[in-house]
Each structure stands twice: as C-alpha cells, then as structure tokens.
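First up is the structure itself, then whatever we jot down about it.
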Amino acid sequence: MRMPSIPSSLSRSTSASAISKITSLTAEGKDVFTFDRMFPFYLVVTFFGLFVVFGGLRCMIDGSDDIIAHDPSGSLNPFSWFWGMLCGFMRINPASGVMLSTCIVSLSLWSKHRAMALAAYSGESRRSSNDVRKIKSTTAIEIPKGDSKNSSGMSISPRTASTSNLPQVAEPKKNRHSSEGSTRESTRGFVDRWYYSLPKLAILQALFVVSLVLVFGMTCQTIPSWGWHFTALFFYKVPHMDDVVKAVDGICPSYGGDMCLSDDSWLLLSNNLLSRHKLSDVEAVAKGVNVAQNGGLIINIMARDTVAAIPALIKNVEALSPFFRGQLVVVMYENDSIDGTRDAIKNWAATASGYKVDLMTCEDQGDVDCKLQQVHRYDQNGEFISAVGRMAEYRNQVQEYITKNYSPKDYSHMMITDIDLAISMAPLGLIHTLGTVGEHAPVAARGIMMLPGALGTLYMPYDYSAFRPIVNEDNKNLRGWHDWFCELAPAGSRWRNNCDVMSPFNMMHVLALDTEFVAEAYPVASAFHGATLYPFKQVVATNPKYDDGEDGQRCEHIGFNFALTDPDNWEKTPDTANFATQMYIAPKWTLHLDPTRPGGPTGWRFAGLMLTQGINVQCIIMFSTVFFWNLVMAGGVALAIKGILRAWEKCARTPIFRKWAAVAGVNVADVLPGGLVGGNARKNTADDEGILLLALAASNEDSDDEEVGFLTRKDVKNL
C-alpha cells in the first residue's frame with residue numbers, strides 16, 4: 001500500500017526540531033505534564049471564590065421579590081424544606097459545602113493522576129536516550145513488531161519508513177491481560193497515599209465541619225471576631241452608626257416619595273433591602289410614614305453593664321425621631337450596673353432633643369438608682385439554674401410602668417429591642433413594616449447573625465429561642481421531632497432552654513421559612529430576633545405577661561406573645577376589630593448583627609457557662625447529624641466527580657471523539673485524567689504532525705489509545 005508523503009512544511013527541518021523536542025520530553029519529564037505546579041493554587045482560588053459566592057447568595061438576593069409562590073394553607077415549598085433540612089443538619093451552607101468538597105476531591109484526583117503519570121514516565125525514561133539515538137542515526141520511525149490491521153481491516157506487516165513519507169500506523173490488538181500487565185509494569189513506581197482515597201477524604205471533611213461547629217461554637221462567643229466568619233467580609237455588611245446619622249441628615253418624611261434621601265441612603269437605612277426606584281417599596285414606606293406621623297413610638301429597653309452600647313442607641317433613636325414628629329419616648333430599666341451605664345443614661349436624658357428619655361427608678365424596691373445587689377444571670381452557673389433568670393420579672397415591671405404612664409391615644413406602637421447589640425435598627429425597614437403588616441399586628445424583625453462554625457457562609461435568625469411557628473399539617477411531624485429532642489433533657493435543665501438553638505429540627509424549620517420568604521412578611525406564633533414592634537393599643541387591652549414557662553427555662557417572650565394574640569384575652573368590640581391573632585416576621589426589616597458583638601454572654605462568662613453545663617445526649621445527636629449529613633454530601637460529590645471522569649474517559653476513547661481530535665489537533669493524552677497510562681505523558685504536540693509522529697515512535701509503545709488516534713489522523717488526511 002502506498003504511503004502518503006509528509007507535507008512540505010514538515011520535512012527535514014522539522015525532523016531536527018522533533019528530535020530536540022523528544023530530547024526535552026525524555027530529559028525533563030516533570031515539565032511535560034498537562035497540569036503544571038500552579039494548578040492546585042488555581043483550583044483552590046477558584047473554589048474559594050465559589051465558596052464565598054454561594055455563601056453570600058442569600059444576602060445577594062435580599063431586597064428582591066419572593067421567587068417561590070406561597071401556599072395559602074401555610075405549607076412550604078418542597079425546595080424550602082429541602083434547603084432548610086440541609087442547612088439545619090449540616091450547619092454549613094450546602095452550596096459552599098459542595099464547593100469545598102469539589103475542591104478537595106479535585107485536588108486528590110489531580111495528585112493521584114499526576115503521581116501515576118510520573119511513575120509511568122520514570123519507567124520509560126531509562127530507555128528514552130537509546131530511542132533518540134536510534135532516531136538520529138536512522139532518521140526513521142520504527143513501527144512496533146507484530147501483525148496488525150489498519151482501519152480498513154487490511155493486514156500491515158512491520159516496517160521501517162523514511163521520514164520523507166507518512167508511516168502506516170497500525171493498532172496492535174492486545175488482549176486484556178497483557179494490557180493490564182503493561183499498566184501495572186509502567187506504574188510500578190506509583191505509591192497509593194491516604195489522600196488518594198475518596199472515602200477517607202469524605203470522612204475527614206465531615207469531621208472537619210464537626211470540629212468547626214464544636215470549636216468555633218466556643219470561640220465565636222468567647223473571643224468574638226470577624227475572623228471566625230472571614231468569608232462574610234465579602235458580602236455581609238454591618239452599617240456604621242455614624243453613617244446612619246449622616247444618611248438621615250436632611251430627610252423630609254412628609255414630602256413622600258424618596259423623602260429627600262439619596263440612593264445610597266435608602267440602601268444604608270434599610271440594610272440594602274429597599275430602593276427609592278422600586279414603586280412597591282416607596283408606597284409601603286410612604287404609608288408607614290403616615291402611620292408613624294399620626295401615631296407615636298415607645299422604645300422599651302432594659303440595660304445592665306451596657307455603657308458601650310449607649311452611643312449606638314442614641315444614634316438609632318435620633319434616626320427614627322424625624323419619622324414620628326417627636327412623638328417618641330425611650331423607657332429604660334437599668335439595675336446593678338458597675339460600668340457607669342446609669343450615669344450615661346442620665347446624661348442622655350438631660351440632653352435629649354426632639355424625643356424623651358424616661359429612666360425608671362426603684363424606690364419601691366429600696367433604692368432609687370436600682371442598686372438591688374442581684375446576681376447577673378450570666379454569672380449563675382449550673383445545669384439546673386434558669387437560663388432566663390429574672391428577665392420575665394424585669395420585663396413585666398417595665399411593661400406595667402409603660403401601660404400606667406403612657407396612653408395608646410398618644411403612642412400607636414411599642415418596640416422592644418436588645419440594647420447590647422449596638423447595631424442599626426434599619427429605620428426604613430421599620431417604617432416599611434408599619435406600612436405593611438405592622439400597623440395592626442405585632443411584627444418581629446429579621447435579625448440575623450453568623451452561624452458559628454459555618455465560616456461565614458450561613459447565617460441564622462438571632463435569638464430564635466423565642467421562635468414558635470403556627471403548627472399545621474405541613475409541619476406538625478417536624479414540631480413533634482423537635483419536642484422529642486427537647487424532652488431528652490430533664491425538666492428544669494438549661495438544656496431545655498438551649499434545645500431551641502441546638503435542635504436540627506428547629507433550625508431546619510427556621511431556615512426553611514427564611515428561604516421561602518425573601519420579601520413578604522409571614523405569620524408565626526412567636527418570635528423576637530432582636531427587635532419586635534407591637535400595636536400599643538392591643539398591648540394595653542390584653543395586658544399580656546412575660547413568664548419563663550413551667551420549668552423556668554422557656555424564653556420569656558413566648559408567653560407574652562401567646563397571650564397578646566390570644567382572642568380569648570379581649571372582648572369583641574369595634575375597638576378590638578383590628579387586633580391580630582398572629583405575629584409576623586418581616587424580611588424587609590432585617591438587622592445585621594455585628595460578629596464582634598454577637599449578643600448574649602461573651603468572654604469568660606460564656607466559657608464558664610459552657611464548662612459548668614457539661615454535655616448530654618442532645619449534644620451527641622446534634623454533632624452526629626452534622627457528621628452524617630456532611631459525610632453524605634462529601635460522598636455524593638466524590639461519587640459524582642468519579643462518575644463524570646469515567647464518562648469522559650469513555651467518551652474520549654470513542655472513534656467519533658478521536659476523529660474530532662485528529663481534525664482539531666488535540667492530543668488524546670492531554671484530555672484524559674493522568675494522560676495515557678503506559679505512554680509518555682507530554683504536552684500537546686498535535687499542531688505539528690512531524691513532531692507528533694516522531695514523539696510516538698520515540699516512545700516505542702504499543703499503546704492502543706495513541707496509535708488509534710494517529711490511525712484516525714491518517715484516515716482523515718486521506719479523505
């Protein structure tokens with residue numbers, strides 16, 4: 001059979017360069033691999049970026065309209081349940097977890113395939129110099145011995161062809177056993193290391209997340225810092241209070257529309273949730289301004305050793321005051337502070353302008369300045385010491401004082417908030433709430449904080465121990481599992497209080513609701529989340545009381561919220577026609593907690609509480625679910641990537657792909673994981689046919705993958 005000639009561009013001059021190329025291939029094996037040394041760096045940077053992007057996805061869609069249609073019956077969308085389950089049980093953003101697992105698996109496979117190719121290359125490099133010497137002396141391409149057939153099925157005998165002609169390259173047929181033997185021989189230097197095992201990596205990743213939850217759960221409160229949530233720095237913003245004050249400078253609420261505020265001010269005063277260019281936002285805010293200017297606001301606050309948070313509170317009040325035309329009062333109860341909190345409040349009350357600061361006294365308890373010598377609840381350690389302390393008692397005192405001294409005719413709403421958070425109260429978010437569901441119903445803000453151990457990729461509602469959903473057919477089983485989880489601890493134990501935060505079932509429910517409702521307020525039976533707005537008229541009429549439950553461990557807000565919305569607590573009259581029988585959570589009124597001030601006990605106070613409380617079966621269940629679900633996720637990612645690679649290898653070995661590779665100048669070895677096992681791993685040389693053919697002959701290999709690729713190239717050239 002006549003052999004086609006080499007193109008003129010690939011004659012003797014090409015042969016010299018080819019020989020030089022082959023020498024480079026044999027002398028510098030590590031430099032001919034498709035994956036260079038920087039590949040791990042590129043991979044890690046890429047997946048870290050994706051890790052952050054997916055972690056911040058919920059913050060990025062804040063301010064948009066709801067995507068999921070809501071069922072009137074209260075049932076949640078299956079996707080919301082699915083996402084809530086993954087978040088609640090994994091305790092890390094599932095999408096970010098997939099990116100982490102993908103990066104780990106990819107690095108493992110890259111390292112393994114590279115090691116296999118290096119081992120194969122080292123087995124062949126010993127004879128490479130002889131191959132090059134033979135090419136230099138004979139300027140011929142050696143065809144492997146043995147009869148074989150070409151693509152037309154014709155037999156081709158072994159021969160040596162001149163470089164002035166293209167060789168007939170055949171595909172020797174080897175049996176399976178000889179091929180496997182060749183592979184084993186060519187990779188005899190390969191060492192199977194532990195990090196090549198995907199099951200081991202999946203287990204280690206699950207243990208890694210468990211350790212993050214365990215260790216960071218302590219450190220995030222003991223040493224609060226952005227460092228524990230470093231990925232959140234890219235998307236989670238906590239407004240500075242000085243910027244909030246500047247943003248409201250020159251505001252004109254009565255003008256309507258954008259109220260003389262810039263685009264940036266609208267975003268800053270609503271935590272990036274409201275826009276003056278969005279008609280629905282502007283209309284809701286305008287209605288809320290009307291409610292505020294025709295009513296008034298009482299801010300109900302308790303303080304103890306919170307002098308550092310007083311400046312932020314002052315700025316929040318001054319930012320809200322223009323909306324209420326001065327009809328705003330701050331009622332504060334302070335006791336037993338040792339850091340100068342009471343003096344700071346007195347100074348503020350003396351200088352307040354446009355609103356009133358009313359500091360309660362304690363004459364009836366024996367001391368005007370409320371030096372009652374009561375131990376702080378954070379300093380009372382022990383499993384059966386109430387985690388709520390005397391909070392219900394204090395709140396009832398404040399509530400009685402407010403209802404006695406202030407009238408619903410002068411003040412339409414009352415807001416309860418935690419002073420120690422020292423964050424922006426999102427003034428436009430609050431006004432937007434008044435213009436929607438908040439005029440006649442109690443509404444909790446959507447206060448959010450970073451979940452300890454999630455590296456900033458997942459946040460949860462703050463203080464959701466006050467959360468209680470409206471039970472229906474869709475969630476009754478889940479609530480039953482949560483009740484079972486809480487009842488694992490004995491009555492009166494602190495674990496009965498902690499179980500609301502520890503329970504994967506409760507977290508699943510909270511995050512499922514947060515996933516489904518991006519913009520629209522949704523009903524609940526009880527909530528707090530850092531700030532709650534109450535219709536003052538309903539508070540006065542129902543006279544609800546705070547309590548800490550039967551065992552002294554239930555969040556005090558729950559009893560108050562239940563009593564407030566219980567229709568048995570008011571008579572049916574025209575004045576009570578607008579009273580609400582359920583609470584709401586308003587996603588448009590979102591508060592961003594500062595990771596450096598997470599709320600609750602911090603430092604040694606928190607460490608002391610944890611160390612004296614010990615562990616129980618609830619801890620074991622929680623960490624077991626975190627481990628199991630992260631293991632399932634990591635294992636699923638590993639199996640998926642392995643499946644994709646195997647499918648790709650099968651595709652790359654098909655005749656159709658090889659024909660395309662021959663036409664496109666793609667080296668099959670470059671697109672297969674680890675190259676062609678048993679052949680020289682090299683860079684793509686398919687653009688230069690002379691070099692490609694010489695490199696093949698120099699390897700003197702019987703690799704059916706390579707030779708079929710060249711046979712296909714020959715057939716295409718003869719078309």
Mind jotting down the three principal axis lengths of the stretch 599-672 based on Cα atoms? Whole angstrom, largest first. 72, 25, 18
Output the peptides 442-448, 574-580 sorted from most to least packed, where packing is the average of other Cβ atoms within 10 Å over each peptide's residues. 442-448, 574-580
Within the stretch 90-115, what residues put their amide N at less than 18 Å from the label point 7 Å along the Cα-to-Cβ vector of residue 639? 98-99, 101-102, 105-106
What's the local net charge at residue 464, with K and R +1, D and E -1, over the other residues with C-beta under 11 Å away? -1
When the Karplus curve 6.51 cos²θ - 1.76 cosθ + 1.60 is applied with θ = phi - 60°, which whole-Hz ³J(HN,Hα) does each residue of the stretch 90-100 get, with x for Gly and Pro? 8, 6, 8, 4, x, 5, 5, x, 5, 5, 4
Based on the Kirkwood radius over alpha-carbon pairs, what value in µm²/s does the Stokes-Einstein equation return for the translational diffusion coefficient of the stretch 370-456 at 25 °C and 0.890 mPa s? 146 µm²/s
Obtain the nm distance between the two label points defined at residue 218 and residue 57 by a simple spin-label model: each point lies 7 Å from its Cα along the Cα-to-C-beta direction. 3.3 nm
FRET efficiency for residue 624 and residue 520 from the Cβ-Cβ distance with R0 = 30 Å, rounded to 0.05, comes out at 0.25
Kindly give Rg over Rh for the stretch 387-542, based on alpha-carbon atoms, with the Kirkwood expression for the hydrodynamic radius. 0.97
Tell me which residues come under 5 Å, amide H to amide H, from residue 519 once H is placed; ignore anything under 5 positions away on its chain. 66
Name the residues whose placed amide hydrogens come within less than 5 Å of the amide hydrogen of residue 459, ignoring near sequence neighbours (fewer than 5 apart) on the same chain. 451
Kirkwood-type radius of the stretch 328-431, with distances r between different C-alpha atoms, in Å: 15.9 Å
With r as the distance between the Cβ atoms of residue 649 and residue 351 and R0 = 56 Å, compute the FRET efficiency 1/(1 + (r/R0)^6) and round to 0.05. 0.15
Expressed in nanometres to one decimal, the distance between label points 7 Å along Cα→Cβ at residue 111 and residue 660 is 3.3 nm
How much length is gained if the chain between residue 545 and residue 277 is pulled fully straight, taking 0.36 nm per residue apart and subtracting their Cα-Cα distance, in nm to one decimal? 92.2 nm
As a quick test, which of the pairs 278/588; 409/537; 371/545; 346/404; 346/371 have an alpha carbon distance above 20 angstrom in this structure? 371/545; 346/404
With the full set of protein chains in place, find how many percent of the accessible area of the stretch 378-463 is carbon and sulfur; take the probe as 1.4 Å. 50 percent
Sorted largest first, extent of the stretch 214-313 alpha carbons per principal axis (Å): 51, 34, 23
log10 I(q)/I(0) for the stretch 510-667, Debye formula on C-alpha points only (no solvent), q = 0.10, 0.12, 0.16, 0.18 Å⁻¹, two decimals, reads -0.69, -0.85, -1.18, -1.27
Hey, if you drop one equal point scatterer on each alpha-carbon of the stretch 462-527 and run the Debye formula without solvent, what base-10 log of I(q)/I(0) do you get at q = 0.13, 0.16, 0.22, 0.27 Å⁻¹? -0.36, -0.54, -0.97, -1.34
Place a label point 7 angstrom from the Cα of residue 307 along the Cα-to-Cβ direction, then list the residues of the stretch 319-346 whose backbone nitrogen is under 11 Å away. 337-345
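The values are calculated or read from the model by the stated rules, or taken from the named source; none is laboratory data. Quick caveat: nothing in here was measured; it's all calculated off a predicted structure. Glycine gets a Cβ as well: all are built from the backbone with ideal geometry, and neighbour counts include every protein chain shown. These accessible areas exclude ligands, DNA and RNA; they are computed on the full protein's heavy atoms, side chains included. Shrake-Rupley method; radii C 1.70, N 1.55, O 1.52, S 1.80 Å.
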